[in-house]
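Input: a single structure, listed below in structure tokens.
The values are calculated or read from the model by the stated rules, or taken from the named source; none is laboratory data. Since the model is a prediction, treat every value here as computed from it, not as a measurement. Because the Cβ atoms are built from the backbone with ideal geometry, glycine has one as well, and the counts that use them run over all protein chains shown.
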């Protein structure tokens, strides 16, 4: 059996919940779920059967593509990074 080395937590992608993403963007969480169903919004990650998460890097890329980076969203992203 192959030994699996634990990965450095700093190299793992930081994941946020749909609720946290909604808080960052200041929109209803239902909008996040609707975007996911319509293949809009940032790319999501499904963990197991039901758990949905978003990589912070994917959210940042998505915002750049849309040319949406008002100061308030950038500040919220920084706060989120500090709390994760």
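Counting only helices (runs of 4 or more DSSP H) that fall entirely inside segment 5-84 and contain at least 1 residues that are modelled with pLDDT of 65 or more and touching a strand residue (DSSP E or B) at 6+ places or on another chain (Cβ under 8 Å), the qualifying elements are 18-25, 29-37, 56-65. Output the number of residues of segment 24-54 satisfying the condition of being surrounded by 16 or more Cβ atoms within 10 Å (Cβ to Cβ) and on the phi > 0 side of the Ramachandran plot. Number of matching residues: 1.
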